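The values are calculated or read from the model by the stated rules, or taken from the named source; none is laboratory data. None of the values given here were measured: they were computed from a predicted structure. Cβ coordinates were reconstructed from backbone atoms using ideal geometry, including for glycine residues, and neighbour counts include every protein chain displayed.
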Amino acid sequence: MRVVGVTAILTAIVPLVTSQWCANFGGNSMTQRHTTRSRVLRKVGAALAASLAVSALATTGASANSVAAGPTAGGGGDAKVAIFDTFGGWCGPDNLANSALMAARTIYETLFEKSIGGDMIPVLAESGSAGKNADGTLDLKTWTIKIRSGIKMHDGTTLDASLVKFNYDAGRGAGVLAGQVGASYLGTGVPFLANILSITADDAAGTVVFKLFRSQNDFLGTLYASGRTFIRAKAQIQGAGGSVASGGAGTGTCGAKPVGSGPFMVESNYVRDADKLKVVRNPNYWRKDAKGVQLPYLNSITFDNIKDSQQRKNAIVKGKYDAAMFTSGEGKYVKQIRTNKSLIEYKSKNEYYPSFWYNQKIQPQFANKNCRAAVSHGIDRVTWARIRTNGEATPAPSLVGPTSVMYSKKGFATYSKAKAKAALALCLAETGKADLTFTIPADMSAVSLANVKLIAQQLKAVGITMNIVQKESYVIIGEAFNAAKGNQYDAILILLMEGTDVSFNLPFVVSNSFATGFTGSTAYFKPLLGTILSLTRHTDTKVDELFYAAQALPNGADGNGGTKAERAAVKKAYAAGTEYLQSENLMSSVAHGYYALFTTKKVKNVGKLKGPSGKTQRVVTNWGIDWTGVYLTK
């Protein structure tokens, strides 16, 4: 499973299923009247194709270096971690997939983090709250973020309100339009920030005020964005090359070296290696543990990309690595590792939802509801999860899981040969076609091909032909998330939906992330990037209306729940949006899965460190674990 993340400034967010999970990834051309926009489109499309690379085959082996003295500053040893993703770069659209993102998050930090209970808890921020109207009600169009003081970036510069504003302006394109950062910094993160009208920084007060176009009760979730909105040093962002006038053309240093505020940093002589990253302890890190010991404990961490599941399993079982990351899509290997009692498993909930997206532009038959329903009813999810994940994933009963505020089974097209055949008959009659044939991509791995082949066999049994084309994953991603042409595949199986809330999921399901009538400075990018995340390319604005209406409901000053009545109202409204998506078969879901990290018993304190707010964040997520409070014993 892969996530191409929104980096620090939400420059790009696209979690993707690859060979380790559901194994697949994944348009209509958009005509621009201005040549400048056309150049930007071409550049952004090319940047995405090049930078959204997910994984490359690597077989790396070395003995673990874990000489630990216990939880003391820098005395916690040197850890080695096996992951399954590449390090494509560190700038804007140089998006990192899930396990590589874990490594990135040792270098970078976010304003907020998600707690075990699901709350958004402050990290680089001290607090975040909605404004108040004159009548005392919440103003969900105004959010004030208090920035924590006394924090230094790795280059010695100060984290302040101005730096936070600079990061988010760069990510949403306002910095690009103002000439403060190169156009090559743009990425798929723009749609996630499309609701921001303006950002004001007050360094004296240490606050950043976000003014929104429409009310949003979960805005703090947008500032977290599945762990991808980390803050970069200003100099790194300014290293992004290219102007809008040049279509983003130009070279820069932004992607060459990461500079954050995290507990670890790269060494001064760092040279980017796509399959390996070593980070060393940040001697000036701002956090201490409960006993006053400066964090982090570890002296260094080395992350090695080992894409092959068998090789990664062997690496951790044979003790060559201290930890290794897996997904439920690798169920066969996960079950084998569990038999080794010398290893410890840390696992997330089944809160990651690979989905089947029907492209209405490239395959016109998918503009027909019955054609979409025929495919949805034709997928035997129970059999797929049993065979392809060894029963580790849960067959999907909804687009999302029961822990999500969006959850509802209503309208979801479950497996039924009879219903699939009936819908297919209507599909062919209404579209005037003799058959329903479409193509779906798979990456070059055998696992990926096997995953989609099973679905193809299931659909063949109900009279639908699903062809498969294999390409390298970075090519597939570049062609699916293309600013100039949109998704270029008839359909795609990909992991975009996740978690318990909606803020991360919404940009993928609406018709355009920029609401109708958007008047902010970044409205310039509405025709460029407003639909780049919409793999279905649907134009049904009722989807937008339902989800935006739910986001406008009061849900507490900090977006963390409000009263019981408010929570119930929000859940009902979001469920209505899900029910509409499902009843229209705009997309479907196959299985719900997890991420897991296995460690040797030398690895201590995983998930035990409390955050600056006093709360503990989730132990394992799509990006792995937090290494700040981890140490090794002999």
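Some notes on this structure:
- Hey, ILE196 over 20 Å from the mean Cα position of the chain (by Cα) and modelled with pLDDT of 95 or more or not: no
- Restricting VAL208, VAL176 to those that are crowded, with 24+ Cβ neighbours inside 10 Å, among the hydrophobic types (A, V, I, L, M, F, W, C) and modelled with pLDDT of 95 or more reduces the list to VAL208.
- Residue ID - surrounded by the most Cβ atoms within 10 Å (Cβ to Cβ), chosen from residues in the stretch 145-163 that are of a type in the set (Ser, Thr, Tyr) and part of a loop (DSSP other than H, G, I, E, B): THR157
- Selected residue (criterion: farthest from LYS417 (Cα to Cα)) from residues of the stretch 355-388 that are hydroxyl-bearing (Ser, Thr, Tyr) and part of a helix (DSSP H, G or I): THR383
- Residue selected from the stretch 310-354 under the condition in a strand (DSSP E or B) and surrounded by fewer than 23 Cβ atoms within 10 Å (Cβ to Cβ), by the criterion farthest from the chain's Cα centre (by Cα): LEU343
- One residue from ASP544, ASP501, ASP490 being buried (at least 21 other Cβ atoms within 10 Å of the Cβ), under 19 Å from VAL400 (Cα atoms) and not aliphatic (A, V, I, L, M): ASP501
- Single unsatisfied condition, THR142 versus (1) more than 28 Å from GLY241 (Cβ to Cβ); (2) among the β-branched types (Val, Ile, Thr); (3) buried (at least 24 other Cβ atoms within 10 Å of the Cβ): (3)
- With respect to being of a type outside the set (Asp, Glu), part of a helix (DSSP H, G or I) and surrounded by fewer than 20 Cβ atoms within 10 Å (Cβ to Cβ), LYS634 falls outside the description.
- In the stretch 294-309, residue surrounded by the fewest Cβ atoms within 10 Å (Cβ to Cβ) [restricted to those that are outside any strand (DSSP E or B) and not hydroxyl-bearing (Ser, Thr, Tyr)]: ASP308
- Qualifying residue in the stretch 528-535 (condition: within 30 Å of ARG386 (Cβ to Cβ) and crowded, with 24+ Cβ neighbours inside 10 Å): yes
- Of all residues in the stretch 510-532 being of a type in the set (A, V, I, L, M) and out of contact with any Ser or Thr (no Cβ under 8 Å at 6 or more places or on another chain), the one that is modelled with the lowest pLDDT: LEU528
- Considering the conditions (1) under 19 Å from LYS114 (Cβ atoms); (2) more than 22 Å from the chain's Cα centre (by Cα); (3) not in a helix (DSSP H, G or I), PRO554 is excluded by exactly one of them, (1).
- Selected residue (only one of LYS114, LYS141 is within 19 Å of GLY227 (Cα to Cα), part of a strand (DSSP E or B) and basic (Lys, Arg)): LYS114
- Residue within the stretch 232-251 that is closer than 21 Å to TRP623 by Cβ, at pLDDT 95 or above and touching a strand residue (DSSP E or B) at 6+ places or on another chain (Cβ under 9 Å) present: no
- Looking across the stretch 211-242, the residues that are surrounded by fewer than 24 Cβ atoms within 10 Å (Cβ to Cβ) and in a strand (DSSP E or B) come down to LYS211, LEU212.
- Checked against the criterion of being farther than 22 Å from SER404 by Cβ and touching a strand residue (DSSP E or B) at 6+ places or on another chain (Cβ under 6 Å), the candidates ILE387, ILE362, ILE316 yield just one match: ILE316.
- Some residue of the stretch 81-98 being over 19 Å from the mean Cα position of the chain (by Cα), at pLDDT 95 or above, within 28 Å of THR599 (Cα to Cα) and surrounded by 24 or more Cβ atoms within 10 Å (Cβ to Cβ): yes
- Pairing each residue of the stretch 271-283 that is outside any strand (DSSP E or B) and modelled with pLDDT of 95 or more with any residue that is among the small types (Gly, Ala, Ser) and surrounded by fewer than 22 Cβ atoms within 10 Å (Cβ to Cβ), provided the two are 6+ apart or on different chains, yields C-beta distances under 8 Å for PRO283/GLY74.
- Count of the stretch 555-599 residues, restricted to those that are more than 17 Å from GLY499 (Cα to Cα), modelled with pLDDT under 95, of a type outside the set (A, V, I, L, M) and touching a strand residue (DSSP E or B) at 6+ places or on another chain (Cβ under 7 Å), is 1.
A quick yes/no check of all residues on (1) touching a helix residue (DSSP H, G or I) at 6+ places or on another chain (Cβ under 9 Å); (2) more than 17 Å from LEU459 (Cα to Cα):
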| site | (1), (2) |
| --- | --- |
| ILE362 | no, yes |
| HIS377 | yes, no |
| ASP380 | yes, no |
| TRP384 | yes, no |
| GLU392 | yes, yes |
| VAL405 | yes, yes |
| ALA422 | yes, no |
| LEU426 | yes, no |
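- The residues of the stretch 121-137 that are crowded, with 23+ Cβ neighbours inside 10 Å and either under 15 Å from the mean Cα position of the chain (by Cα) or more than 25 Å from LEU298 (Cα to Cα) (or both), listed by number, are GLY128, ALA130.
- Just one residue in the set THR414, THR439, THR431 is over 28 Å from PHE481 (Cβ atoms), out of contact with any Leu (no Cβ under 6 Å at 6 or more places or on another chain) and surrounded by fewer than 18 Cβ atoms within 10 Å (Cβ to Cβ); that residue is THR414.
- Inclusion of LYS291 among residues that are surrounded by fewer than 24 Cβ atoms within 10 Å (Cβ to Cβ) and assigned to a strand (DSSP E or B) is not warranted.
- Residue within the stretch 458-468 that is modelled with pLDDT under 95, outside any loop (DSSP other than H, G, I, E, B), in contact with a Gly (Cβ under 7 Å, 6 or more places away or on another chain) and over 18 Å from ASP94 (Cβ atoms) present: no
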